[in-house]
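The next block holds one structure in the form of structure tokens; read it before the comments.
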Amino acid sequence: MGKVASIKIRENIKQKLIRIRGELERRYSGKFSLDDTINYQIREKQRYGL
């Protein structure tokens, strides 16, 4: 996946992403960046057609 332009994230969305990142790190025993978390959310939405 290519580089994406930098975007501004509202504080409440950023907090949700941080919470999801923590869940992913516990589930997969690894470190995730906010970019990784956003990409994960995009893939999940595409997978389930949301």
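Any read-out appearing in this document is the output of simple, stated calculations on the displayed coordinates, not a laboratory observation. Note that this is a predicted model, so its numbers are computed, not measured.
A few comments on the model shown:
- Lysine pair count for the chain [Cα-Cα under 19 Å; pairs on different chains or 8 or more apart]: 5
- Cα gyration tensor category, rounded, prolate or oblate, for the chain with a/c compared to 1.5: rounded
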